[in-house]
Amino acid sequence: EARFELDRYDRRETLVIDPVIKYSTYFGSVRDDRTQAVATDSTGATYLGGSTATGGVSWGFVSKVNPGGTAVVYNVFFGSGVCDAAARGIAVDSLNNAIVTGFYVQQDTAGACNVKQVYGAKINPAGNAFVYQVVWGGGQDYGNAVGLDSAGNAYFTGATHGDFPTTAGVIFPS
């Protein structure tokens, strides 16, 4: 899906929208790969987030593609290998750290993969280390998007089935 925002123009004339494609490529493996988030940095590099399934379990991933679309700079995976994980939102800060959100499923007391929580992480510019990883929430929660402010703070949004902890004084505490 694509949308275009237009300035005023003469509607009696034919409107031609002729976008330029910088590059187009395939990305992934023979597994069930799903990209659910995309962001770019100031150099034009592209960051993709999603999930890849192997052995019946989905791993979350973040991949960085160079500005020309000719090479993968890095692939970072997260998950336990026991329960599912996925990236669903991504942003890039002014220092080219990738901040990702999604979900991380953990085992319940019976050993079943039933505890889905919000996942948040910050990956350094080289893609070789996590600055932080955090999992929080109730039992059926996930992150959908992440936004950044000028101070580098990350703001995560998502969905809950009502057991997500809230702070005092909020509009709707349940």
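The values are calculated or read from the model by the stated rules, or taken from the named source; none is laboratory data. Just so you know, these numbers come straight off a predicted model, no measurement behind them. All Cβ positions, even for glycine, are placed from backbone atoms using ideal geometry, and neighbour counts span all protein chains on display. Just the protein is used for accessible areas: all its heavy atoms, side chains included, with ligands, DNA and RNA removed. Shrake-Rupley method; radii C 1.70, N 1.55, O 1.52, S 1.80 Å.
Applying the set (1) touching a Phe, Trp or Tyr at 6+ places or on another chain (Cβ under 7 Å); (2) surrounded by 14 or more Cβ atoms within 10 Å (Cβ to Cβ) to N114 leaves exactly one unmet item: (1). Annotation note: Cβ proximity below 7 Å between a residue of region 27-43 that is in a loop (DSSP other than H, G, I, E, B) and a residue that is among the hydrophobic types (A, V, I, L, M, F, W, C) and surrounded by 11 or more Cβ atoms within 10 Å (Cβ to Cβ) (sequence gap 6+ or interchain) occurs for F27/L48; R31/A53; D32/A53; D41/V92. Within region 121-174, the set of residues being more than 20 Å from G50 (Cβ to Cβ), modelled with pLDDT under 95 and assigned to a strand (DSSP E or B) comprises W136, Q140. Filtering region 3-45 to residues that are open to solvent by 80 Å² or more (accessible area, probe 1.4 Å), at pLDDT below 85 and of a type in the set (A, V, I, L, M, F, W, C) leaves F4, V20, I21, F27, V30. Among the residues of region 127-173, those identified as among the hydroxyl-bearing types (S, T, Y), surrounded by fewer than 16 Cβ atoms within 10 Å (Cβ to Cβ) and out of contact with any Asp or Glu (no Cβ under 9 Å at 6 or more places or on another chain) are Y132, S150, T157, T166, T167. The C-beta contact set for region 87-102 (first residue more than 14 Å from Y132 (Cβ to Cβ), second residue acidic (D, E) and at pLDDT 95 or above, distance under 8 angstrom, 6+ apart or interchain) comprises V92/D41; N96/D41.
Within region 70-93, is there a residue that is acidic (D, E), closer than 25 Å to E1 by Cα and within 15 Å of the chain's Cα centre (by Cα)? No, because not a single residue in region 70-93 is acidic (D, E), closer than 25 Å to E1 by Cα and within 15 Å of the chain's Cα centre (by Cα). Summed over region 86-111, the residues that are surrounded by 14 or more Cβ atoms within 10 Å (Cβ to Cβ) and in a strand (DSSP E or B) give a count of 16.
How many residues, within region 59-72, are open to solvent by less than 30 Å² (accessible area, probe 1.4 Å) and either part of a strand (DSSP E or B) or of a type in the set (A, V, I, L, M) (or both)?
6
Entry remark, region 73-83: residues being open to solvent by 20 Å² or more (accessible area, probe 1.4 Å) and either touching a residue at least 40 places away in the same chain (Cβ under 8 Å) or over 19 Å from K122 (Cα atoms) (or both) number 4 in total.
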